[in-house]
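Right, one structure below, let's go through it.
Readers should treat all values here as calculations from the given coordinates under stated rules, not as data from a laboratory. Remember, it's a predicted structure, so these values are computed and weren't measured experimentally. Here Cβ is always computed from backbone atoms with ideal geometry, including for glycine, and neighbour counts include all displayed protein chains.
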Amino acid sequence: MAKMFEEFMADLPVRLRPAIDAFGSDMADAMTQAYIREFSARELREVRKFAVSSAGTHYLGASMKMLEDPAVAAANKRFLATLPAAMDQIMDDWDRQAKTYLAKKRASNSDGEARTMIVDNPPPAPPAPPVVPAPPMPPR
């Protein structure tokens, strides 16, 4: 089983390459539009000037790698560990608010029935797709 898993994992990058390539192009187009909306032409020229400088080249080359820094990874791991409990509390609060709202709504209806159905145990949401950062643009 371990060998089969290792072979499966080794083949994964090759099998995902078409999707990654398509996503990269789509993401580059989307990022272009976002930059156009957010920055003026003058600001983009200044960003480019920084990007081709020694400090800019170093920053752009290292910025994604910084996420792998042990201190950053440890802080991120601590943060992620808090999310399940925080989400449980948030969902409990939502359930209480929704039930209170529906009870008030039910009381205000002439027939005494709520017109909205609440699900006590909804099915879990599907997992979100992983966020794959776009590769940094090479200097021109």
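A few points about this structure:
- Chain lengthening between Thr82 and Asp95 when straightened (0.36 nm per residue, less Cα-Cα): 2.7 nm
- Applying the Karplus relation 6.51 cos²θ - 1.76 cosθ + 1.60 with θ = phi - 60° to the range 72-87 yields 3J(HN,Hα) values of 5, 4, 5, 5, 5, 5, 4, 4, 4, 5, 7, 5, x, 5, 5, 5 Hz, where x marks Gly and Pro.
- FRET efficiency for the Leu12 to Met66 pair, using the beta carbon distance and R₀ = 25 Å, is estimated at 0.50.
- Three-way shape call for the range 1-63 based on the alpha-carbon gyration tensor, with the a/c threshold at 1.5: oblate
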